[in-house]
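Contents: one structure, followed by commentary.
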Amino acid sequence: MQPDQEVPPRVRPGPLRWIAYAMGAGLPERHRTWVLYDTTTRTWVWRHVVRTFVQLAVPIALVLLLVPGAFWIRAMAALGGLILGMAFSLAYMTEAVENRVKKAGYAPGSAQAVRDLAGREREALDSERRRAAAAKRAVRYRDRRNR
């Protein structure tokens, strides 16, 4: 995006559209900037985990409700599926997120580039904050020594 271009507003999808998005559906063009935000904000990993739980809720519910047998066996099968599904989802988290961003119309690698830039900016701010705190401590130390 060029500096003279206006940034489109970030429009969050409604609950039903978000559930479809969590299940893997694409969103309309007006949600494009929200998808990039969703996949690059500081909480993007937790958002991915929540989307994964939404995806896994349907098969887990089906196992718990429809599979014959003792409930504890169904519960253990559901737990095993949940653990396996979460492990798979976390292993391919960045690829899944990049695919969501690509569906929204961004170039592949856009989410990682935005997260990297935000990380560098956070590091610069933290470094400046630590530098200022160290300077204040140095002044206090000098004042105490000069008394």
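Every number in this text was worked out from the coordinates using simple rules, so none of it is lab data. Just so it is clear, the model here is predicted, and its values are computed rather than measured. Note that we place each Cβ from the backbone using ideal geometry, even for glycine, and neighbour counts take in every protein chain shown.
Things worth noting here:
- Between segment 15-30 and segment 51-127, the Cα center-to-center distance that results, in Å: 15 Å
- Taking only Cα atoms of the chain, radius of gyration then Dmax in Å: 22.8, 81
- Inter-label distance, nm, simple model (7 Å from Cα along the C-beta direction), Thr43/Ala20: 2.4 nm
- Most mobile listed residue (Ala25, Ala70, Ala57) in the chain, GNM with C-alpha springs under 10 Å: Ala70
- Placing unit charges on each Cβ (+1 for Lys and Arg, -1 for Asp and Glu) gives segment 15-145 a dipole about its Cα centre, and among Leu65, Leu117, Ala133 the Cα reaching farthest toward its positive end belongs to Ala133.
- Dipole size of segment 15-145 about its Cα centre, with +1 on Lys/Arg Cβ and -1 on Asp/Glu Cβ: approximately 920 debye, rounded to the nearest 20.
- The GNM of the chain, with springs linking C-alpha atoms under 10 angstrom apart, assigns the highest mean-square fluctuation among Trp46, Trp18, Trp72 to Trp72.
- Each residue, Ala113 and Ala91, gets one label point 7 Å from its Cα in the Cβ direction; the gap between the two is 3.0 nm.
- Helical content of the chain, expressed as a calculated mean residue ellipticity at 222 nm, amounts to -25000 deg cm²/dmol (DSSP H runs of 4 or more residues, -39,500 (n - 2.57) each, divided by residue number, nearest 500).
- Highest mean first, the peptides 35-41, 123-129, 61-67, 48-54 sorted by other C-beta atoms within 10 Å per residue fall in the order 35-41, 48-54, 61-67, 123-129.
- Cα shape, segment 38-82, gyration tensor, a/c 1.5 rule: prolate
- When the Gaussian network model of the chain links Cα atoms closer than 10 Å, the mean-square fluctuations of Arg100, Arg137, Arg115 top out at Arg137.
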